[in-house]
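These notes concern the structure reproduced below.
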Amino acid sequence: MKFSQLLYAPNQLTLLRMVFLPFIVNSLVDNHYRTALILFILAGLSDGLDGFLARTLHQQSMLGQYLDPIADKLLLSTMFMVLSILHKIPWKFTVLVFSRDVSILGVGTVLYAIAGLRDFRPSIFGKANTLAQVVAIVFVMLMAIYPARWVYIVRWAGLRATFTFTIISALHYIYLVGIRLRTHNHASTA
């Protein structure tokens, strides 16, 4: 990995997304939900833009492949934690989200250390889980600003979708790890 990859525009946007995090948290703690929501949406837009720029500018890099999911998980997990501390999200959702992410990180680290496996691209269920988490977070914050019934319903649906897709994506991840290990073992013995 080259240091120059840090200067790629997509990686700069990913780092910027990480810089947004303390400002979002401070806004939430100070009950400035509108500011937190705007910053969270800007962070989300930067996530979409960094992928687009990486493809368009041909600046896809190994650093970006590691930084992007780290920035996403850091942002989403922190938001769940802070919003639970502020009693805006029930703890059961946050515990489930953290348990899945820590488990995936732990298993990925072990598989890399033992078998050298690195390919952990997100599955369709992982992407659905991320989308559900984003929707839940946006509507939890919106509920603090604009407590309308339709916002409550979308918030409720986003949290239930997060719960469901967190479990489904974790089970799917276990299944994929099994396949990758079998493939790796067959390749090693051949």
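Rounded to the nearest 20 Debye, what is the dipole magnitude of region 89-190 about its Cα centre when Lys and Arg each give +1 and Asp and Glu each give -1 at the C-beta?
Using Cβ point charges on Lys, Arg, Asp and Glu, region 89-190 gives about 160 debye.
So what is the relative contact order of region 89-190, in percent, for Cα pairs below 8 Å that sit 6 or more residues apart?
Normalised by residue count, the contact order of region 89-190 is 33 percent.
Grab the DSSP H runs of the chain that are 4 residues or longer, score each as -39,500 (n - 2.57), total them, divide by all residues and round the 222 nm result to the nearest 500 deg cm²/dmol.
-29500 deg cm²/dmol
Just rank His172, His87, fewest to most, by other beta-carbon atoms within 10 angstrom.
Working: His172 16, His87 8.
Listed from fewest to most nearby Cβ atoms, that is His87, His172.
Can you give me the angle between helix 149-189 and the longest principal axis of the chain, using Cα atoms only, in degrees from 0 to 90, rounded to the nearest 10?
10
Assign one of three labels to the chain, namely rounded, prolate or oblate, based on the Cα gyration tensor with a ≥ b ≥ c the square roots of its eigenvalues; rounded applies when a/c is under 1.5, prolate when it is not and a/b is larger than b/c, and oblate otherwise.
On the way: a/c = 2.35, a/b = 1.41, b/c = 1.67.
Oblate is the answer for the chain, as a/c is 1.5 or above yet b/c matches or exceeds a/b.
How far apart, in nm, are the 7 Å Cα→Cβ label points at Ile124 and Leu176?
1.3
Could you tell me the relative contact order of region 1-87? Use alpha-carbon pairs under 8 Å, at least six residues apart, and round to a whole percent.
Relative contact order of region 1-87: 43 percent.
Highest GNM mean-square fluctuation, the chain, Cα pairs closer than 10 Å: which of Gly178, Gly108, Gly51?
Its mean-square fluctuation being the largest, the pick is Gly178.
Treat every Asp and Glu Cβ in the chain as -1 and every Lys and Arg Cβ as +1, leave all other atoms uncharged, and give the resulting dipole magnitude about the Cα centre to the nearest 20 debye.
Dipole of the chain, to the nearest 20 debye: 360 debye.
Assuming 0.36 nm per residue, please report the length gained on full extension of the stretch Gln12 to Phe52 beyond their Cα-Cα distance.
Working: separation 40, 0.36 × 40 = 14.40 nm, distance 1.32 nm.
Answer, rounded to one decimal: 13.1 nm.
Given springs between every Cα pair under 10 Å in a Gaussian network model of the chain, which of Val134, Val97, Val177 has the largest fluctuation?
For the chain, modelled as a Gaussian network with Cα springs under 10 Å, the answer is Val177.
Within region 88-111, whose backbone N sits under 18 Å from a point 7 Å along Cα→Cβ of Tyr152?
Flagged as within label range: 88-90.
The numbers here are math on the coordinates, done by the rules we state, and not lab data. Keep in mind that this is a model prediction, so the values were computed, not measured. Ideal geometry is used to build each Cβ from the backbone, glycine not excepted, and the neighbour counts take in all protein chains shown.
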